[in-house]
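Before any comments, here is the structure.
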């Protein structure tokens, strides 16, 4: 029952997180607050972090015995996965505008770009020419490359589903913003993992 509540709490956090960044909410808040909307990304990030705390505290309070540990022959596998995730985070950071991600650019320049790329346009160079969402791939790898108990398994399942669904919703937003240019990008480049053909979302 406690793990069921944990799944519920994670699901509620993920749903709220996605709702607050949806086109529906963004467009209405922009209309309502005008120039003051430039502070929204900072508020969104802070609110997401603050509301995450009680979920983490509850998860930590549950305890639980590990049923999978990355030991023995699995240790180098975990190391390889962790290094791969860190490399993806770094490669992505070379193309994403961290000031836009944090909300600082919006406050300083009174603008919100279409994408997180440095140019504000559709960037398909570097790692973005290999997979469309390197940070999401890295996040999926990182949450699974850790010892597993009941809490971790429930958390990983919910967050993996959230990352996939969130990515699909983000892709729809990007198609709206960039049209056929993004559709062609989808056809050429895979969403999460290199190799194979790209696919629409």
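Each reported figure results from applying straightforward, stated rules to the coordinates on display, with no laboratory input. If you're wondering where the values come from, they're calculated on a predicted model, not measured in any experiment.
Can you tell me the relative contact order of the chain? Whole percent, Cα pairs under 8 Å, sequence separation 6 or more.
Relative contact order, the chain: 26 percent.
Per 0.36 nm of contour for each residue apart, how much would the distance between residue 22 and residue 89 grow if the chain were fully extended, relative to their Cα-Cα spacing?
Length gained, residue 22 through residue 89: 21.7 nm.
Pull out a ≥ b ≥ c, the square roots of the eigenvalues of the alpha-carbon gyration tensor of the range 123-201, then state rounded if a/c is under 1.5, prolate if not and a/b is larger than b/c, and oblate in the remaining case.
prolate
Looking at the chain as a GNM with Cα springs under 10 Å, which of 64, 121, 72 has the largest mean-square fluctuation?
Maximum among the listed residues: 72.
Please build a GNM for the chain, connecting alpha carbons under 10 Å apart, and tell me which residue among 58, 40, 162 fluctuates the most.
58
Cα centroids of the range 48-62 and the range 140-170: how far apart, whole angstrom?
15
Just one of (1) 1.00; (2) 1.12; (3) 1.23 is Cα Rg over 2.2 N^0.38 Å calculated from these coordinates, so which is it?
Label (2) holds the value from this structure.
So what does the Cα-only Debye profile of the range 47-114 read at q = 0.15, 0.16, 0.18, 0.25 Å⁻¹, as log10 I(q)/I(0), no solvent term?
One equal scatterer on each Cα of the range 47-114 leads to -0.88, -0.92, -0.97, -1.01.
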